[in-house]
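Let me begin by presenting the structure, written as structure tokens, before commenting on it.
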Amino acid sequence: MAAEGHAAAVAEHGAAQGPSAGEYIIHHLTHLQNHKQTSIVDFSVFNLDSIFFAVLLGIVGTFLLWRAASKATSGVPGRFQAAVELLVELVDTQAKGIVHNANSRKLVAPLALTVFVWIFLLNSMDFLPVDLLPKLGEASGLHYLRVVPTADLSITMGLSLSVFLICVFYNIKIKGFGGWVHELFAAPFGDKFFLYPINFLMQMIEFAAKTVSHGMRLFGNMYAGELIFMLIALMGGAVSLSGTGITLFLGHIVAGTVWSIFHILIVALQAFVFMMLTLVYLGQAHDAH
């Protein structure tokens, strides 16, 4: 979200006796849903905006990778092809260092590449001005519209749960169903009958902790980034409303610029961290305890 693009929209809200700063932020943190949520946990509610942008950017990412593959040449590559080749080589190197089963890497390496590209694109939606797409949505009759899918806990937890299910698949494939079940009861404290309940409990805690932290880490970073952009925007809006406070105006410009530059690192880093944890968890699924 380009912070400088927010101030005008915030000023419009104030000039028209619109919502307060708190109401403005709450509005922008509300999802477009199929129906209103009535309880803390309600699996019948779907955040339609997150689903739409996640699918759209998944298609965009697939098209970009297909485009690079279809235009690949054995000669001197163009800049786009070279960038994709460097990315593929990076992911493949990391996959070889973590997942030692060559047959498994035929699926795991492309999966890791897909995870990185997809999440990078999802995170990059945070660079759009906060009011750009929501205003276009309002013109189309959509009162709420959030455009950063990774700032939605349901999306990030869905991704982490998918990784968990793939880990279960490889645990069973590599070790056999019986071998995996035996490992659940025999590790980490040893194959002793009286230790089976403790081992099983520890294994369940480990699986739950890895899955929850995997999704929460990405969500927390992107949600915080989205919120900080809104707060920076409100600094500029306050200047527009008051007509005074050059210090606040300069703070808005400096903070917006610095945070935008820093957020480029966050967007790429969080995609890379999610990809690396995916590889680590899949590598652990191949290892016997």
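The values are calculated or read from the model by the stated rules, or taken from the named source; none is laboratory data. Only a predicted model underlies this, so the values are computations on that prediction, with no experimental measurement involved. A quick note on method: Cβ atoms are made from the backbone with ideal geometry, for glycine too, and the neighbour counts reach across all protein chains shown. For the accessible areas, the whole protein counts, side chains as well, though only heavy atoms, and no ligand, DNA or RNA atoms are used. Shrake-Rupley method; radii C 1.70, N 1.55, O 1.52, S 1.80 Å.
Odds and ends about this structure:
- Carbon and sulfur %, accessible surface of the chain computed with the full protein complex present, 1.4 Å: 73 percent
- Of every Cα-Cα pair in the range 142-187, the percent that sits beyond 16 Å: 57 percent
- Partner lysines whose Cα lies under 24 Å from the Cα of K173, excluding those fewer than 8 positions away in the same chain, are identified as K96, K106, K210.
- Positive minus negative residues near L165 (Lys, Arg vs Asp, Glu; Cβ under 15 Å): +2
- Computing Cα Rg over 2.2 N^0.38 Å for the structure here picks out one of (1) 1.21; (2) 0.91; (3) 1.15, namely (1).
- Expressed per residue, the C-alpha convex hull volume of the range 99-239 stands at 157 Å³.
- Average accessible surface for the chain: 53 Å² per residue, computed with a 1.4 Å probe over protein heavy atoms with every protein chain in place.
- Summarised as an ellipsoid, the range 71-172 has semi-axes of 33, 23, 9 Å, derived from the eigenvalues of the Cα gyration tensor scaled by 5 and square-rooted, with the largest first.
- Look at the dipole of the range 140-244 built from charges on Cβ: of L142, F219, L201, the Cα furthest out on the positive end belongs to L201.
- Relative contact order of the chain, taken over Cα pairs closer than 8 Å and 6 or more residues apart, is 32 percent.
- Debye equation applied to the C-alpha atoms of the range 41-92, log10 I(q)/I(0) at 0.17, 0.23 Å⁻¹: -0.64, -0.88
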